[in-house]
Amino acid sequence: MKIAFREPTTIIGIAALALFLYLIVVPIVTMLSDAVRVQYGDESRAGSGFGSLTAYYLHRVFASPVAADLFWRPLGHTLGIALTAIVLALVIGGVLAWLLSRTNIWGRKWFMTALIVPYMLPAWTFALAWTNLFKNRKVGGQAGWLETLGIEPPDWMSYGFVPISLVLALHYSPFVILLFGNALRRFDSQLEDSARILGAGKIHVARRVIIPLMLPSLTSAVILMFAKCLGEFGVAYVLGMPVRYDVLATSLYRNISSRQTGVAAVIAGAIILIGIISLVVDAWMVREGRKFVTIGSKGSMDRTTQLGRWRLPMTLVPVAVFAFSVVLPLMTLFLTTIMKIPGKFTWGNFTLDFWIGHDLPTVAMSRGVLLTGDFWMAAWNSLWMVGVASVTAGILGMLVGYVVVRTPVRPVGWMLRNVTFLPYLVPGIAFAVAYLSLFAVQRGPVPALYGTWAILVLAFIAEQMPYASRAGISAMMQLGKDPEEAAQVAGAGWWTRMRRVVIPIQKSSFSSGILLPFISGVKGLSLVVILAVPGTNVLTTYSVQLVDYGYDQAANAVVLMVAALAFFGTVLGQKLAGSNLADGMGK
């Protein structure tokens with residue numbers, strides 16, 4: 001044991017564990033404690049003093065007369081939207097996965113990458129495009145495109161359940177394409193041939209052979225989509241909150257905005273619990289799925305189905321999905337930014353004023369978005385805050401990987417691996433509430449950080465650690481001990497070995513471990529919408545403010561900037577890592 005504690009990995013591991021316990025575990029515990037302690041201003045309603053134990057918030061959220069508005073109705077909306085979005089995503093993604101993996105449609109390789117694009121973009125990009133097309137006069141503001149053309153969309157098409165479900169289905173269908181398509185590609189078609197030789201028809205083969213063997217990948221796709229839908233804030237904020245159609249994430253946001261800290265803590269705790277249960281079920285299903293793996297052997301064979309006269313019609317299916325999920329939303333947003341009246345296609349209606357114009361007829365925004373200081377301040381904040389957090393997360397992720405793989409003290413490695421993965425189980429908006437609970441007031445030597453850049457950077461680092469640590473662990477597991485041992489025999493110390501051996505070998509993984517958290521941070525909204533204030537706005541929160549003020553064209557311009565950053569950053573990350581999201585589809 002004494003020798004183990006002389007190892008740098010042990011000392012670094014213990015220090016890193018203490019750091020992540022404070023940055024990840026303590027905020028969540030603090031938030032959960034707010035759910036059972038009387039908050040300031042609630043003493044009379046709770047019937048006890050500030051800080052004392054109480055069940056008031058639990059009763060208010062789960063059993064009071066307002067529980068339906070606070071929790072049960074939003075929970076029903078969340079589950080209904082998640083279920084609908086998952087079914088639609090399975091249908092859309094399943095058909096596309098089969099066409100791309102098992103048929104000879106034209107442009108397969110191109111579609112394998114192109115159909116992943118919706119997941120590279122922020123989900124609320126599509127929500128803004130939808131509201132520009134279909135919104136009606138119910139909530140006021142500018143008319144939507146259809147209304148300008150003389151067609152008034154019904155309320156159910158403009159806001160609420162239907163548009164939220166459709167937008168999320170289009171955004172998450174790439175999950176199914178990737179997971180289901182990869183499983184289909186590895187599927188041994190000799191199993192289908194055997195069933196057909198025994199007299200089974202196509203439907204019987206699909207029902208009794210293909211679907212049962214695809215079940216583990218389908219289950220993973222379903223549960224990952226459910227966990228994502230559970231914490232999705234931006235789409236419901238744009239398409240639900242204007243008509244008070246709340247899901248759990250927006251109900252949580254309302255309570256935080258109205259300073260109902262205890263109630264918000266209970267709702268956030270419920271979201272975390274549902275998220276943890278769903279991902280634990282996913283891990284269990286994947287483990288059980290491995291027990292009946294029969295795919296992949298010496299005799300495995302991949303067969304492409306020749307579509308014959310159906311080749312052209314089937315090729316039009318991915319064309320239509322790409323048009324509706326990528327081209328139409330982005331073109332709608334762009335055209336809206338260059339129109340005085342959205343949806344009016346006359347030469348005199350086109351303008352660049354919302355980008356670079358002066359003396360705009362608005363109260364709070366007299367110049368185009370590219371000429372406003374607020375935009376450049378938000379862009380600078382996005383770049384430097386997310387950049388600092390991503391570089392820090394990348395370095396810490398590499399150290400975590402080094403410790404987990406190299407440390408002789410296994411409990412330290414085990415704890416470090418699991419603590420850094422914990423934020424993956426917590427939806428972003430619930431994690432933001434946890435940070436607000438811990439850093440809203442001074443605690444010991446740590447001052448109150450709410451309203452400062454520090455709370456955003458710390459939250460970004462903690463939220464991105466699951467990705468950074470997994471990238472670090474994977475990279476270090478591929479690096480044997482031989483290069484380090486050779487350097488050690490030559491007299492190199494630990495720091496020299498890291499600087500001259502480990503980092504140069506792992507520089508590609510290190511680069512992608514920084515860039516991928518950067519992309520996720522730049523397009524993320526759930527985490528920052530609660531923690532950012534006017535002085536620390538990033539691009540995503542700035543665009544939400546513009547939406548709130550009714551400056552739709554300017555908001556769309558900012559969202560296009562975010563989408564461009566996310567897309568080109570993803571492409572750059574794939575180039576640096578030498579990989580492609582579509583590789584799993586056999587490109």
Counting only protein heavy atoms with a 1.4 Å probe and every protein chain in place, the carbon and sulfur fraction of the accessible surface of region 491-578 in whole percent equals 66
Any helix of the chain counts here only if DSSP assigns it H throughout, its Cα atoms span 27 Å or more along the axis, and its mean Kyte-Doolittle hydropathy is at least 0.5, and such helices are 73-102, 161-186, 211-231, 261-289, 373-406, 453-477, 552-577
Over its alpha-carbon atoms, region 336-446 yields an Rg and a Dmax in Å of 23.6, 72
The answer for trypsin sites (Lys or Arg not before Pro) in region 397-490 that fall in a DSSP coil and have at most 11 neighbouring Cβ atoms within 10 Å is K481
Given backbone amide H placed at 1.01 Å from N, residues whose amide H is under 5 Å from that of T305, ignoring those fewer than 5 places away on the same chain, are T103, N104
Taking a ≥ b ≥ c as the square roots of the eigenvalues of the Cα gyration tensor, with a/c under 1.5 meaning rounded and otherwise prolate when a/b exceeds b/c and oblate if not, region 379-522 is prolate
Burial-style ranking of 448-454, 176-182, average other-beta-carbon count within 10 Å with highest first, yields 176-182, 448-454
Length-normalised contact order of the chain, Cα under 8 Å, at least 6 apart, in percent, tallies to 21
Distance in nm between T496 and V29 label points, each 7 Å along Cα→Cβ, equals 4.1
A student applying the Cα gyration tensor rule (rounded when a/c is under 1.5; otherwise prolate if a/b is larger than b/c, oblate if not) would label the chain rounded
Counting sequence-distant residues (5 or more places) and residues on other chains, those with an amide H built under 5 Å from that of R37 are T54
With the 1.4 Å probe rolled over protein heavy atoms, the chain has an accessible area per residue in Å² of 45
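Over 24 Å between Cα atoms, which of K523/K575; K202/K228; K135/K340; K109/K228 qualify?
K202/K228; K109/K228
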With label points set 7 Å from each Cα along the Cα-to-Cβ direction at E485 and L572, the distance between them in nm comes to 4.0
The percentage of Cα-Cα pairs in region 115-161 separated by more than 18 Å is 33
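Using a 1.4 Å probe over the heavy atoms of the protein chains, calculate the carbon and sulfur portion of the accessible area of region 109-191 as a whole percent.
Its accessible area is 64 percent carbon and sulfur atoms.
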Scoring only Lys, Arg, Asp and Glu (+1, +1, -1, -1) among other residues with Cβ under 14 Å from the Cβ of T362 yields -3
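The values are calculated or read from the model by the stated rules, or taken from the named source; none is laboratory data. A quick note: this is a predicted structure, and the numbers were derived from the prediction, not measured. Glycine gets a Cβ as well: all are built from the backbone with ideal geometry, and neighbour counts include every protein chain shown. Protein only, heavy atoms only, side chains kept; ligands, DNA and RNA dropped before computing areas. Shrake-Rupley method; radii C 1.70, N 1.55, O 1.52, S 1.80 Å.
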